[in-house]
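Notes for the one structure printed next.
The values are calculated or read from the model by the stated rules, or taken from the named source; none is laboratory data. Since the model is a prediction, treat every value here as computed from it, not as a measurement. For neighbour counting, all protein chains shown are included, and Cβ atoms are generated from backbone atoms with ideal geometry for every residue, glycine included.
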Amino acid sequence: MKHWSRLKPYLRWVILGGTLFFLAKALKDHGQEVASIRIDGRGWVYLAIALCVTLLAHVWTGWVWGWILQTLSQPVRGLWAVRVYLTTNIAKYVPGNIWHYYGRIQAATAVGIPPEVATLSVLLELLLLAAAALLVAFLGVPPGWGLQGLGLAVVLTVIHPALLNVTIQVVSKIKGRANPEAVLLRVKRYPLRPLLGEVGFLGLRGTGFLLTLLALGPVNSDQVLLLLGNFSLAWLLGLVVPGAPGGVGVFEATAIALLHPLLSPAVLLGGIALYRLISILAEAAGAGLAWLGKTTSRPTV
């Protein structure tokens with residue numbers, strides 16, 4: 001563990017440097033093709049819809065986080081969960097890539113949710129997002145991806161209530177808090193509804209990506225599932241790989257590697273760059289709207 005803690009900062013820089021080099025080379029090789037792209041009126045409509053769909057995705061996953069807290073026996077309101085989620089989500093671009101999680105934990109404990117449960121809610125969200133991404137990829141990518149099937153099986157097992165209840169008790173002991181509510185808390189059912197909710201989130205994010213590609217060029221209908229599956233894998237790597245705030249660089253490099261056989265270089269590179277811009281604009285707009293609608297009422301149902 002001591003050696004890992006020393007190597008971790010260097011690993012982040014290696015990952016960031018590698019992804020930036022890959023992206024720079026791709027742009028160098030195909031820069032003229034990307035520069036030749038022109039967006040017409042219909043393309044701008046597609047981009048506007050992509051922005052709205054991506055914003056809706058973030059609103060929806062905030063609502064799903066409320067479902068996760070409800071699964072953990074915390075009666076929160078969906079609107080409160082959405083507001084907290086949107087206002088903290090933009091912090092994922094701060095170096096460290098943990099501050100959006102920290103903000104949610106702080107907001108949850110501020111309204112009386114036990115710290116152990118608040119922490120578990122963000123960890124469970126990560127696992128559900130990973131499971132949802134693997135599930136979409138499993139359905140969209142042709143056979144031969146054995147690792148993603150194995151990963152999906154592992155994640156679906158980890159979020160079983162029996163293991164979650166053990167995790168709650170372990171986290172409570174590590175925190176050193178003799179909190180009867182946390183110790184006696186039991187997850188009574190499999191988090192199927194939040195899992196399906198996160199699948200919907202990935203579907204919305206993938207739809208925003210497809211609309212962005214359509215703004216630049218045609219997409220064959222028989223490629224839609226394959227594009228969604230590969231998009232989900234790229235998004236998942238951007239979520240879990242350390243050293244890239246908000247997945248910047250990792251998502252782009254992975255998407256290029258996975259999708260280059262399916263799309264022309266100009267459409268692929270231009271679409272990925274535009275989609276990153278759309279994602280940031282949607283997250284900023286969501287944070288602004290949530291801040292404007294902020295209230296101080298307790299978020300119980």
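Just one of (1) over 19 Å from the mean Cα position of the chain (by Cα); (2) modelled with pLDDT of 70 or more fails for G62. It is (1).
When L134, L127, L147 are checked against the criterion of being in contact with a helix residue (DSSP H, G or I) (Cβ under 8 Å, 6 or more places away or on another chain) and closer than 18 Å to A234 by Cβ, a single residue qualifies: L134.
In the condition set (1) at pLDDT 85 or above; (2) farther than 22 Å from A282 by Cα, S264 is compliant with all but (1). Exactly one residue among P261, P265 is surrounded by fewer than 23 Cβ atoms within 10 Å (Cβ to Cβ), farther than 22 Å from V53 by Cα and out of contact with any helix residue (DSSP H, G or I) (no Cβ under 9 Å at 6 or more places or on another chain), and that residue is P261.
Results for (1) modelled with pLDDT under 85; (2) closer than 27 Å to N230 by Cα, shown as yes or no for each residue.
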{"residue": "T119", "(1), (2)": "no, no"}
{"residue": "L126", "(1), (2)": "no, yes"}
{"residue": "G144", "(1), (2)": "yes, yes"}
{"residue": "T157", "(1), (2)": "no, yes"}
{"residue": "Q169", "(1), (2)": "yes, no"}
{"residue": "L185", "(1), (2)": "yes, no"}
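Here G112 meets the list (1) at pLDDT below 80; (2) part of a loop (DSSP other than H, G, I, E, B) almost entirely, failing just condition (1). Would you say L227 is at pLDDT 85 or above and over 30 Å from A110 (Cα atoms)? Yes: the conditions hold for L227. Close contacts from the stretch 37-62, counting a first residue that is on the phi < 0 side of the Ramachandran plot and a second that is of a type in the set (D, E) and surrounded by 19 or more Cβ atoms within 10 Å (Cβ to Cβ), with Cβ to Cβ under 7 Å and a gap of 6+ residues or different chains, come to H58/E283; T61/E198. Mind checking which residues of the stretch 285-301 are modelled with pLDDT of 85 or more and surrounded by fewer than 15 Cβ atoms within 10 Å (Cβ to Cβ)? Once the filter is applied, which keeps residues that are modelled with pLDDT of 85 or more and surrounded by fewer than 15 Cβ atoms within 10 Å (Cβ to Cβ), the stretch 285-301 yields only G288. Summed over the stretch 106-121, residues that are buried (at least 19 other Cβ atoms within 10 Å of the Cβ) and either under 23 Å from V240 (Cβ atoms) or in contact (Cβ under 8 Å) with a residue 24 or more places away in the chain (or both) total 9. In this structure, does G238 turn out to be modelled with pLDDT of 90 or more, of a type in the set (G, A, S) and closer than 17 Å to L128 by Cα? So G238 does not fit the description; no.
Of the candidates L55, L16, the single residue that is at pLDDT 80 or above, touching a helix residue (DSSP H, G or I) at 6+ places or on another chain (Cβ under 9 Å) and assigned to a helix (DSSP H, G or I) is L55.
Right, N97: buried (at least 20 other Cβ atoms within 10 Å of the Cβ), in contact (Cβ under 8 Å) with a residue 24 or more places away in the chain, in a loop (DSSP other than H, G, I, E, B) and under 13 Å from the mean Cα position of the chain (by Cα) or not? The answer is yes for N97. Selection of first residues in the stretch 217-228 that are surrounded by 17 or more Cβ atoms within 10 Å (Cβ to Cβ) and of second residues that are among the hydroxyl-bearing types (S, T, Y), restricted to Cβ pairs under 9 Å at least 6 apart or on distinct chains, gives the following pairs, ordered by first then second residue: L228/T207. Screening R83 on (1) among the charged types (D, E, K, R); (2) closer than 27 Å to T207 by Cα; (3) modelled with pLDDT under 85 shows it passes everything except condition (3).
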